[in-house]
Amino acid sequence: MEWEPVIGLEIHVQLLTRSKIFSGASTAYGAPPNTQACAIDLGMPGTLPVLNEAAVRLAVKFGLAVEAEIARRSVFARKNYFYPDLPKGYQISQYELPVVGKGHLTIHLDGREKRIGITRAHLEEDAGKSLHEDFHGLTGIDLNRAGTPLLEIVSEPDLRSPEEAVAYMKKLHQLVVWLGICDGNMQEGSFRCDANVSVRPLGERAFGTRTEIKNVNSFRFVERAIQFEIERQIRVLESGGTVVQETRLYDADRDETRPMRTKEEAFDYRYFPDPDLLPLVISEDFIEEVRRELPELPEARYRRFIEQYGLKPYDAEVLTATRALSDYFEAVVRQAACDPKLCANWVMVELSGALNRAGLEIDQSPVDADRLAGLLRRIADGTISGKIAKQVFELMWDSGKDADTLIEEKGLKQITDAGAIEKIIDEIIAANPKQVAQYRAGKEKLFGFFVGQVMKATQGKANPQQVNALLKEKLQGGG
Amino acid sequence: MALTLEQVKQIAYLARIGIGDEDAARYTHDLSSILDFVAQMDAVDTTDIEPMAHPLDLPQRLRPDEVTEENQREKFLAIAPAVENGLYLVPKVIE
C-alpha cells in the first residue's frame with residue numbers, strides 16, 4: 001500500500017526582548033546560574049506578572065508578516081503541570097484566545113511553491129533548565145531562562161514529507177530572523193521544533209493517529225526524526241498493529257525515536273484563564289504602528305529580485321537567505337551600476353566563498369559593498385578581466401584598499417593593445433614550433449596551451465577575448 | 001454533579017496532594033456539593049452575554065521592555081532546602 005505522511009510543526013521562537021515576558025529580569029544568554037531569576041520568575045508569593053510590551057509588539061510583527069488575523073483581544077491561561085524547572089507549577093501561556101490567528105507561509109521546494117497554513121501563534125513563558133550532571137544523586141536547576149518570552153507557532157498539518165517540513169522550518173527561521181524578532185540561534189535553543197507526524201493510505205481523507213516528536217533542534221535532525229517516524233508508523237500499520245498516540249524523543253546517536261511518556265501518565269494541563277493577568281487588548285493604532293515597522297519581507301524581495309534584476313529563482317533564493325545578504329547585494333548593484341547577474345555571481349561565489357572560509361558573516365565582511373562595487377565596475381568597463389579581478393579581490397580582502405588603488409599599484413590593468421598582444425603571440429608561436437605543428441595537424445586541444453602561454457607571459461593581464469581571437473587567426477593563418 | 005472516587009483521586013494526583021482512602025470518600029462528597037452549588041448558574045440564561053476572562057472589566061497594562069531587576073540570587077538561594085554552585089538542587093529528575 002502507498003502511504004501519505006501528514007506533518008504539522010510547533011515551533012518555539014524565543015523573542016528578542018531585553019527583559020522577560022512578565023518581569024524586569026534580563027534575558028541575556030549565558031549568565032551565571034540563577035542570577036537572572038527574580039521573585040516573579042521564581043513564582044514567589046505576592047508577586048504579580050506584568051506583560052512586556054515588546055513581546056506583544058514582536059508577536060504582532062510576526063502575525064502581520066504571515067498575513068494572520070491579529071486578535072484584538074487575547075487571554076493568558078495557566079497550563080498546569082509539575083516539573084522542577086517550572087517554579088510556579090504552571091506555565092503562563094495562551095490557550096483558547098491566542099494573539100495571532102490563522103496565517104500562512106510559502107515554501108519553495110524543487111522548483112515548486114506551496115502555501116503552508118499557520119493555525120495560530122501564541123505568547124508564553126519559557127521554563128528553566130535542569131542540569132542532569134550528578135550532584136550527589138540530585139538534579140541542579142538553573143532558572144535564568146524561566147520567564148523568557150516565547151512565541152509558539154503552530155502550523156496546519158499541511159506538510160507531506162520530511163523535506164517539506166524542513167523547508168517550512170527553514171523558511172520560518174529565515175522570517176523570524178529577518179524580522180528581528182528572534183536571533184535564530186538553535187544551539188542556544190532560541191528556535192526549537194516539535195513535530196506531529198501521522199501516516200494515512202494515499203487518497204484517504206481522515207488523518208491517522210499521530211505521534212509528537214519533542215524538541216528536535218537542528219534542521220538535519222528534524223528531517224531524520226520525521227523520516228524515521230514515518231517509516232516506523234508504516235511498519236506498525238503494515239504488520240497489522242495500531243499507532244499509539246504518544247510523545248516520542250528523537251535520539252540522534254541511534255537515529256530513532258522512542259516513547260517519552262506512557263499513556264497512563266498523559267498530561268492533563270487543566271488550562272484556565274490566569275487571574276493574575278487581564279485580557280490583552282490590542283488597538284488598531286498599535287497594529288498600524290507595527291505594520292509601518294515591517295521591512296520588505298523575504299518572499300517579496302525574492303520575487304522582486306527575479307523581476308527587477310532578472311535573476312534566476314535559485315540565485316534570488318540564495319541572495320535573500322538573510323536580510324543582511326540581500327541588502328549587501330542590492331548595495332553592490334546600486335553602486336556598481338553594472339549587470340546585476342555579474343553582481344549576483346560575485347556575491348554568491350567569490351564573496352560568500354571567502355566569508356565561509358574565514359568563518360565570517362556578511363555583516364563582518366572585510367570587503368564592504370562599496371569596494372566590491374568598485375571592483376565590478378572595473379570588470380564591466382574592461383579595465384581588468386574576471387580572472388585578474390579575483391586576484392584584486394584577494395588583495396582587497398587583506399589590505400582594505402579599493403580596487404582602483406590596487407590595480408594601479410600592482411600594474412594589473414588589462415592589456416587591450418592588439419599590437420602588444422600580437423607581438424607576444426608571435427613570440428610564443430616562434431618558441432613552440434612542435435605544438436604549432438601538432439595544432440595545425442588537427443590537435444585542437446592545444447589551443448588552451450597557447451592561451452595559457454600568452455596569459456603566463458602577460459601575468460594574466462591580456463584581454464581574454466582578444467587573445468582568443470588573435471591566437472585563432474595566427475594559428476590558422478600561417479603555414 | 002456527582003464526582004466519582006476515581007476522579008477525585010486523579011485530581012489529587014494531578015495536584016500532587018496525598019490523600020487517604022477515607023479522605024477521598026469525604027472529598028468526593030464535598031467536592032460534588034460544591035459543583036452542585038455552582039451548577040445553579042446553569043439555570044441562568046446567558047444568551048448574548050460575552051464570557052469574561054477576568055472579573056475586572058479592564059485590559060492588561062503593558063510594561064516597557066527594560067531590565068529593572070537586580071541579581072538577588074544569594075537571598076533566594078538562602079531559603080532553598082538544597083543548593084550548590086548557584087543551582088537549586090532537587091531529587092533526580094531522570095534515571
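The values are calculated or read from the model by the stated rules, or taken from the named source; none is laboratory data. Owing to the predicted nature of the structure, the values given are computational and were not obtained by experimental measurement. Please note: Cβ atoms are built from the backbone with ideal geometry, for glycine as well, and neighbour counts cover all protein chains shown. To get the accessible areas, we keep the full protein, side chains included, count just its heavy atoms, and leave off ligands, DNA and RNA. Shrake-Rupley method; radii C 1.70, N 1.55, O 1.52, S 1.80 Å.
Some observations on this one:
- Highest-first packing order for the peptide set A:124-136, B:33-45, A:441-453 is A:124-136, A:441-453, B:33-45, based on the mean count of other beta carbon atoms within 10 Å.
- Taking only protein heavy atoms and a 1.4 Å probe, the accessible area of chain B is 58% carbon and sulfur.
- Highest-fluctuation residue, B:LEU77, B:LEU62, B:LEU14 considered, GNM on chain B with Cα pairs under 10 Å: B:LEU77
- Evaluated at q = 0.07, 0.08, 0.10, 0.15 Å⁻¹: base-10 log I(q)/I(0), Debye formula over Cα of region A:3-288: -0.27, -0.35, -0.56, -1.25
- Normalised by residue count, region A:245-353 yields a Cα convex hull volume of 247 Å³ per residue.
- Radius, Kirkwood style, for region A:296-410 when every pair of distinct Cα atoms is counted (Å): 14.2
- Computed from the C-beta positions of A:GLU96 and A:ARG18, the FRET efficiency with R₀ = 30 Å rounds to 0.50.
- Take the Cα radius of gyration of the protein assembly as shown and divide it by 2.2 N^0.38 Å, N being the number of residues; the result is 1.32.
- Prolate/oblate/rounded label for region A:144-296 (Cα gyration tensor, a/c 1.5): prolate
- Heavy-atom accessible surface of region A:3-288: percent carbon and sulfur, 1.4 Å: 50
- Under Karplus coefficients 6.51, -1.76 and 1.60, residue-wise ³J(HN,Hα) of region A:357-368 in Hz, glycine/proline x: 4, 8, x, 10, 8, 4, 6, 9, 4, x, 9, 7
- Area hidden from solvent between A and B (accessible, protein heavy atoms only, 1.4 Å, total, Å²): 3800
- A 1.4 Å probe run over region A:3-288, with the rest of the protein chains in place, finds 41 Å² accessible per residue.
- Karplus 3J(HN,Hα) series, Hz, for region B:57-68 with 6.51 cos²θ - 1.76 cosθ + 1.60 (x for Gly, Pro): 8, 9, x, 5, 7, 9, 10, x, 7, 10, 7, 10
- Take the Cα of B:ASN71, step 7 Å toward its Cβ, do the same at A:ARG73, and the gap between the two points is 4.4 nm.
- Ranked packing of A:158-165, A:42-49, A:193-200, most packed first, by mean Cβ within 10 Å: A:193-200, A:158-165, A:42-49
- At R0 = 60 Å, FRET efficiency that the Cβ-Cβ distance of A:ILE287 and A:ALA457 yields, to 0.05: 0.30
- Protection proxy ranking of A:384-390, A:427-433, A:232-238 - average other beta-carbon atoms within 10 Å, highest first: A:384-390, A:232-238, A:427-433
- Pairwise inverse Cα distances across chain B, averaged and inverted, put the Kirkwood hydrodynamic radius at 19.3 Å.
- Computed from point charges on the beta carbon alone (+1 for Lys and Arg, -1 for Asp and Glu), the dipole magnitude for chain A about its Cα centre is near 1380 Debye.
- Relative pair counts by distance (%), Cα atoms of region A:418-477, 10 Å bins: 24, 62, 14
- Note: relative contact order over region A:418-477, using C-alpha pairs below 8 Å and six or more positions apart, is 40 percent.
- Two-site FRET efficiency, B:LEU5 against B:ASP42, from Cβ-Cβ distance with R₀ of 25 Å, rounded to 0.05: 0.55
- Each residue of region A:164-170 is assigned a 3J(HN,Hα), and the resulting list reads 5, 4, 5, 4, 5, 4, 5 Hz, derived from the Karplus form 6.51 cos²θ - 1.76 cosθ + 1.60 (θ = phi - 60°), x at Gly and Pro.
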